[in-house]
Structure formats: structure tokens, C-alpha cells
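Written below as C-alpha cells is the structure these notes are about.
The values are calculated or read from the model by the stated rules, or taken from the named source; none is laboratory data. Keep in mind the model is a prediction, meaning the values are calculated, not measured. Ideal geometry is used to build each Cβ from the backbone, glycine not excepted, and the neighbour counts take in all protein chains shown. For the accessible areas, the whole protein counts, side chains as well, though only heavy atoms, and no ligand, DNA or RNA atoms are used. Shrake-Rupley method; radii C 1.70, N 1.55, O 1.52, S 1.80 Å.
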Amino acid sequence: MADVRFPANATVGDCLKHAEQLYARHKVALGQVATTAHDEALYLLLRTLQLPLDSKSAVLRRKPTPEQTAQVQEVFRRRLEEHVPAAYLTREAWLGEHRFFVDERVIIPRSYFLEIIPEQLPLWLPPDKPVKHAVDVCTGSGCLAILLAHQFAGAKVDAIELSPDALAVAKFNVATHGLAQRVKLFHSDVFAAVPRVKYDIILSNPPYVPTRELRELPAEFKREPQMALDGGRDGLDIIRKLLRQSRDRLQPHGIVVLEVGGLRAAMDRAFPELDLHWLHTADGEDCVCLVQAVRLKKWRA
């Protein structure tokens with residue numbers, strides 16, 4: 001059992017220091033909300049105490065009430081003892097300035113598309129052809145479809161998801177962002193149940209974890225829906241299907257863009273004819289690949 005008792009009369013700053021010590025003491029996996037114990041603990045403290053996330057440093061001198069301290073202790077008990085991801089505790093996740101509702105029905109949004117969509121996608125599209133129709137395959141919470149709709153204000157965006165539970169979360173997020181008129185949701189296995197449309201952009205962060213590796217994931221990641229993670233024997237099951245079906249779904253100038261985690265070498269081996277272009281990311285992971293319609297059309301799957 002994790003001892004998460006906080007010192008009596010502790011300030012928010014004291015609670016933060018204590019929480020960081022607890023993170024160091026217990027085997028806690030990071031990466032779903034923040035990459036450091038300090039950032040995640042501060043986030044949980046501010047959210048639990050109902051303080052703004054952009055609070056100034058003076059907030060660290062505040063003293064929570066005994067009732068608030070009890071709430072903080074329970075949140076950190078669940079985080080440390082039960083390994084509940086922070087986003088499931090707060091029922092939210094952020095991509096840049098955009099907030100999304102999340103719960104155990106969906107994978108927690110975390111994606112390089114946050115930087116790729118505004119900074120690089122426009123460079124691969126004709127400047128004289130505005131994006132009219134884009135699609136997010138395996139949309140989960142709907143976050144990437146929503147990012148596409150915000151970026152390409154004149155475009156219609158389809159969002160495809162096989163899990164009915166995840167689709168319900170996506171529907172809520174689309175409505176919350178005021179995009180119900182522009183983002184259309186489809187319950188489908190890739191494009192199987194989607195009317196034939198020619199897209200300017202086909203985007204996806206699909207399940208890509210090889211099945212055998214699911215057992216090795218930290219407890220926090222095992223709490224996410226297995227369906228959103230399991231990419232089959234080699235991690236490429238959904239990706240193969242998506243690429244095959246995308247050949248007849250693109251405009252002549254269109255692009256397919258996939259985020260595939262640690263599968264870069266496997267992708268290059270599996271699809272040498274596609275000459276995948278790997279987009280640079282700020283942290284150097286470079287795990288997002290792009291293929292243009294003309295090359296995909298010539299590909300013999």
C-alpha cells in the first residue's frame with residue numbers, strides 16, 4: 001500500500017515536493033499526461049484544488065483546507081497505489097490549447113500531430129487547392145479530427161472509429177468544440193462502412209503496439225483500451241489495411257500521414273516501394289511518416 005499522507009498544514013508547494021518524493025519512491029509510469037513527476041504532480045494538485053493551470057508561483061504558498069488535503073491524498077493514492085493515469089483522474093487531456101474529455105473508454109491523447117498538423121501538413125499540399133475533405137482514422141476521443149477541423153477551417157472532416165464506446169466520447173468532444181456541423185463520425189473498421197470520398201488528407205494514429213509487447217507495458221498503459229493499442233503480431237495489421245484502402249480514397253494531390261511510434265524500421269522494411277517520408281519532430285523521435293497519393297496509387301499491396 002502506498003503511504004500518501006501529506007504533512008499537516010502543508011502549503012501547495014510543500015505538497016508538490018512531497019508528491020515528487022512519492023513519485024520517486026514508487027514505480028510510476030509517466031508519458032500519458034506529462035513526462036516529469038514535477039509537471040504531473042503539479043497538474044494533479046492544481047486540478048484537485050480547482051486552481052487555474054496557469055497559476056502564478058504565488059499559488060505554492062497557499063494552504064489547502066483539511067478537506068482539500070484529504071482530496072489531494074485520495075487522488076495521489078489512486079495515482080500511486082492503483083496506477084490510475086492522471087488523465088483518467090481528472091477526466092481531461094490537453095493537446096496544446098485544446099482540452100478534451102477522456103475516460104477509460106479511450107486512449108489518452110498524446111500525439112506528435114499537435115506540431116505536425118499546423119507546421120508541416122500545409123507544406124505538402126498545393127497552395128492553390130484549399131483542403132476540402134480530411135479524415136482521421138481510428139479517431140478515439142476525436143482529438144485529431146478536431147485538430148484538423150481547427151487547422152483547416154473550410155474543410156469537412158470525417159472521424160472513423162471501430163469502438164462504439166470511444167465513438168461516444170468522440171461525439172461529446174466534437175459537440176463541446178462546436179464542430180458537429182463539420183466533423184462527421186463513422187462507426188467503421190477503417191473505411192469499410194464509410195461512403196466513398198476523395199480526401200485531401202488521410203491521417204491516423206492507429207493501434208501499432210505488437211501484441212506480444214502489450215504484456216510488457218506499465219500498469220498505467222494497460223488501463224487504456226487494448227483495442228486502441230494492439231496492432232497485431234508485428235504492429236502493422238491496421239496500418240496495412242489502412243494503406244491498402246487509402247489508394248482509392250485520395251485526391252491526386254492527397255497525402256496519407258501516420259504516427260507509428262517505434263515502428264519506423266519495420267515500416268521501411270514492410271513498404272519499401274512507398275519510399276515513406278519521415279517528418280521531423282522537435283524531440284527527434286521522427287515517428288510520423290507521409291506518403292503521397294501518386295506513389296500510393298502505383299503501389300502493389
To check you understand DSSP bridge types, tell me what percent of the beta bridges within the chain (both residues inside) are antiparallel, rounded to 5. 35 percent
Amide H proximity to GLY231 below 5 Å, modelled H, separation 5+ or other chain, gives TYR208, VAL209, THR211
Cross-link pairs LYS17/LYS56; LYS241/LYS297; LYS27/LYS63; LYS156/LYS297 - those with Cα-Cα distance over 19 Å: LYS27/LYS63; LYS156/LYS297
Once amide H atoms are placed 1.01 Å from N in the peptide plane, what residues at a sequence separation of 5 or more from LEU185, or on another chain, have their amide H within under 5 Å of its amide H? ALA159
Using θ = phi - 60° and the Karplus relation 6.51 cos²θ - 1.76 cosθ + 1.60, list the HN-Hα couplings for the range 199-213 in order, rounded to whole Hz, with x at every Gly or Pro. 9, 7, 9, 10, 10, 7, 10, x, x, 9, 7, x, 3, 5, 7
Charge sum, other residues only, whose C-beta stays under 13 Å from ARG233's C-beta, Lys/Arg counted +1 and Asp/Glu -1: -2
Quick calc, GLU115 & HIS26: beta-carbon distance into FRET formula, R0 35 Å, rounding 0.05, result 0.65
Set Lys and Arg Cβ to +1 and Asp and Glu Cβ to -1, take the dipole of the range 226-270 about its Cα centre, and tell me which of ALA265, HIS253, GLY231 lies farthest positive. HIS253
For the range 92-144 versus the range 200-230, the gap between their alpha-carbon centres in whole angstrom: 17 Å
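At a Förster radius of 35 Å, what calculated FRET efficiency corresponds to the Cβ-Cβ distance of TRP278 and HIS150, to the nearest 0.05?
It comes to 0.90.
Using the heavy atoms of the protein chains alone and a 1.4 angstrom probe, what is the accessible area of the chain per residue in square angstrom?
Ligands and nucleic acids excluded, the figure is 49 Å² per residue.
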Beta bridges by DSSP in the range 170-301, antiparallel share as percent, to the nearest 5: 55 percent
Order LYS156, LYS241 by their accessible area, 1.4 angstrom probe, all chains in place, largest first. LYS156, LYS241
Angle, helix 37-48 long axis vs. longest principal axis of the chain, Cα atoms, 0 to 90°, nearest 10? 80 degrees
Using only Cα atoms, tell me the angle between helix 237-246 and the longest principal axis of the chain; keep it within 0 to 90° and round to the nearest 10. 40 degrees
Once you have the Cα-Cα distance between ASP234 and GLU82, take 0.36 nm times their residue separation minus that, and quote the gain in nm to one decimal. 51.7 nm
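What does the charge count near CYS287 come to, summing +1 for each Lys or Arg and -1 for each Asp or Glu among other residues with Cβ under 13 Å from its Cβ?
Numbers: positive: ARG110, ARG264; negative: GLU115, GLU259, ASP268, ASP283, GLU285, ASP286.
It works out to a net charge of -4.
With contacts defined as alpha carbon pairs under 8 Å and 6 or more residues apart, what's the relative contact order of the chain in percent?
Once normalised by length, the contact order is 14 percent.
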Find how much the distance from ALA219 to ASP3 grows on full extension, using 0.36 nm per residue of separation minus their present alpha carbon separation; answer in nm with one decimal. 75.9 nm
Roughly how big is the chain's charge dipole about its Cα centre, with Cβ charges of +1 (Lys, Arg) and -1 (Asp, Glu), in debye to the nearest 20? 580 debye
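For the chain, what does the helix formula give at 222 nm: sum of -39500 (n - 2.57) over DSSP H segments with n ≥ 4, over the residue count, nearest 500 deg cm²/dmol?
Calculated mean residue ellipticity at 222 nm is -10000 deg cm²/dmol.
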Phi-based couplings in Hz for the range 56-68 (Karplus 6.51, -1.76, 1.60; Gly and Pro marked x): 6, 4, 4, 4, 5, 8, 6, 10, x, 5, x, 5, 5
Ignoring any ligand, DNA or RNA, what whole percent of the accessible area of the range 213-301 comes from carbon and sulfur when the probe is 1.4 angstrom? 46 percent
Label model pair ARG99, SER188: point-to-point distance (7 angstrom along the Cα→beta-carbon line) in nm is 3.2 nm
Tilt relative to the chain, helix 164-176 - C-alpha long axis, 0 to 90 degrees, to 10: 80 degrees
Which sequence of PHE172, PHE113 reflects their accessible areas, 1.4 Å probe, from the largest down? PHE172, PHE113
If R0 = 41 Å, then THR65 and MET227, at their Cβ-Cβ distance, give a FRET efficiency to the nearest 0.05 of 0.50
For the chain, using Cα atoms only, the Rg and Dmax in Å read 20.9, 68
